[in-house]
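> Below is one structure. I have some questions about it.
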Amino acid sequence: MSVPTAIAFPGMGPVQFADVAKFMLVNPFARELVGVADEVLGVDLFAALRESGSDYSAAAQVGFLVNCLALARWAEHEHGFAPELVTGASFGGKAAAVHSGAISAEEGIWLTAELVRVETEYFTAEHGDVVTLSFARTPQDVLDAALAELDDWHELSCRVDVDFAMVSLKRDKVGWFSDRLRAAGGLPLYEMDPPLHVSLFGGLRDRIERELLSQVTFRDPAVPVVADQDGSVRTTAEGVRAVLLDGVVRTVRWPSVVGTLRERGVERLCVAGQDSLFGRVACTRDNFEVLAATPRLATRPYKRPALV
């Protein structure tokens, strides 16, 4: 009897080219998707990724998307399962839209590259003073006390676990806020710039809807999609489209996703892509058997049976 399994696509973090190069060259699912990306973008994705000088360049983001999708396909083939549900945290929402069947791989690749351009233009002109700070070891009461003392605009961008979150705030307040969290036992980690998941960015949401999503054909997903903003299950084209748009302006709430997966009977969560966060936090590991699908595992040599 198969284990009820869902696929989760992680948010994007910095990836070393050396960590994915072999996978992209030898894995058949990756090679196929790299070929699709080459045609859509009109460039050699592998070469562009190798030469990229930025962790979040268009090549880096498309490469991350392609590898996540390829790893999901590899995991389904390798472990012999069909997912009950699909979800994506933050950046992973685009991969979830593709893997669910709501949009094609070609459209997902094009959308990812174009989003880099639009977001770069937007944050060059607006909200350049806002960044997002992530931090661990910070229970809700500690966070609430620190935010109550923050005498400037701020907004919760992501709730990862009961003691792990991300807050968007003004750049000149990051030092004070980090020190305040440390004094209470918290652990500030890293800044994200540009930020996302902030209600201030309604103009960006509108531009993405007008310039980009108007050119993408959404279909009802073959596999239901769990929205990372509230854990709701989306089964229509419009529902998946709304997940991508709402991701610009609404908080990511991973515990809500976990709750929905558990309510739907999921016992195993396949995290498809290089992930240092969503598949590792306690709320995920306490609720599921976590099946990691990474480039390293997908290229690991098989042990041949001994000759007798």
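> For segment 76-166, with only Lys/Arg (+1) and Asp/Glu (-1) charged at the beta-carbon, what is the dipole magnitude about the Cα centre, in debye rounded to 20? Please list the in-between numbers first.
Details: 4 positive and 18 negative charges, 57 e Å.
Using Cβ point charges on Lys, Arg, Asp and Glu, segment 76-166 gives about 280 debye.
> How would LEU189, LEU269 line up from fewest to most surrounding beta-carbon atoms within 10 angstrom? Please report the intermediate quantities before stating the final value.
Working: LEU189 14, LEU269 26.
The order, fewest Cβ neighbours first, is LEU189, LEU269.
> Shape verdict for segment 130-192, please, from the Cα gyration tensor: rounded (a/c under 1.5), prolate (a/b greater than b/c) or oblate.
Working: a/c = 1.40, a/b = 1.20, b/c = 1.17.
Rounded, because the longest to shortest axis ratio a/c is under 1.5.
> Using +1 on the beta carbon of Lys and Arg, -1 on that of Asp and Glu, and nothing else charged, what's the dipole of segment 130-192 about the Cα centre, debye to 20?
Working: 7 positive and 11 negative charges, 37 e Å.
The dipole magnitude comes to about 180 debye.
> What number do you get for segment 97-229 when its Cα radius of gyration is normalised by 2.2 N^0.38 Å, N = residues?
Working: Rg = 17.5 Å, N = 133, 2.2 N^0.38 = 14.1 Å.
Cα-based Rg divided by the globular estimate yields 1.24.
> Could you please rank GLU155, GLU121, placing first whichever residue has the fewest other Cβ atoms within 10 Å of its Cβ?
Values: GLU155 18, GLU121 12.
Listed from fewest to most nearby Cβ atoms, that is GLU121, GLU155.
> ³J(HN,Hα) across segment 90-100 via Karplus (A = 6.51, B = -1.76, C = 1.60, θ = phi - 60°), whole Hz, x for Gly/Pro?
Using θ = phi - 60°, the values come out as 6, 3, x, x, 5, 5, 4, 4, 6, 5, 6 Hz.
> So, one more: Order these peptides, 178-188, 28-38, by their mean beta-carbon neighbour count within 10 angstrom, highest first.
Working: 178-188: 15.8, 28-38: 18.9.
Per-residue mean Cβ counts within 10 Å order the peptides as 28-38, 178-188.
> Mind sorting THR217, THR251 by how few other Cβ atoms lie within 10 Å of their own Cβ, fewest first? Mind showing how you got there, number by number?
Details: THR217 10, THR251 21.
Ascending number of Cβ neighbours within 10 Å: THR217, THR251.
> If you take every DSSP beta bridge whose two residues both sit in the chain, what share of them, in percent to the nearest 5, is antiparallel? Kindly include the intermediate steps, with their values, before the conclusion.
On the way: 18 of 35 bridges.
If we restrict to bridges inside the chain, about 50 percent are antiparallel.
> HN-Hα J couplings of segment 232-237 from phi, Karplus 6.51/-1.76/1.60, θ = phi - 60°, integer Hz, Gly and Pro as x?
Karplus values, whole Hz, x for Gly and Pro: 6, 9, 10, 10, 10, 4.
> Could you go through segment 202-219 in sequence order and give the Karplus-derived ³J(HN,Hα) for each residue, using 6.51 cos²θ - 1.76 cosθ + 1.60 with θ = phi - 60°, rounded to whole Hz, and x for Gly and Pro?
Each residue's phi maps through the Karplus curve to give x, x, 5, 4, 5, 5, 4, 5, 6, 8, 10, 5, 5, 9, 10, 8, 8, 10 Hz.
> Using only helices, what value at 222 nm comes out for the chain when you add -39,500 (n - 2.57) per DSSP H run of length 4 or more and divide by the total residues, to the nearest 500 deg cm²/dmol?
Working: 13 runs with 143 residues, N = 308.
Mean residue ellipticity at 222 nm (helix-derived): -14000 deg cm²/dmol.
> Could you state the number of Å between the C-alpha centres of segment 32-107 and segment 136-186?
About 32 Å separates the Cα centre of segment 136-186 from the one of segment 32-107.
> Here's something else I'd like to know. Run the numbers on the chain and let me know its relative contact order in percent, using alpha-carbon pairs under 8 Å that are six or more apart. Before the final figure, lay out the partial values.
On the way: 566 pairs, mean separation 78.2, N = 308.
About 25 percent, as a whole number.
> Non-local amide H neighbours of ALA89 (under 5 Å, H modeled in plane, Pro and chain starts lacking H): which ones?
PHE9, GLY11
> Only one of the values [x] 19.4, 74; [y] 21.1, 77; [z] 21.2, 66 was calculated from this structure for Rg and Dmax of the Cα atoms in Å; name its label.
[x]
> Mind listing the long-range amide H neighbours of VAL290? Cut-off is under 5 Å, sequence gap 5 or more, other chains count too, H placed in the peptide plane at 1.01 Å from N.
Here LEU269 satisfy the definition.
Bear in mind these aren't lab numbers, they're just calculated from the coordinates by the rules spelled out. Model, not experiment: these values are computed from the prediction. Cβ: placed from backbone, ideal geometry, glycine included. Neighbour counts: every protein chain shown.
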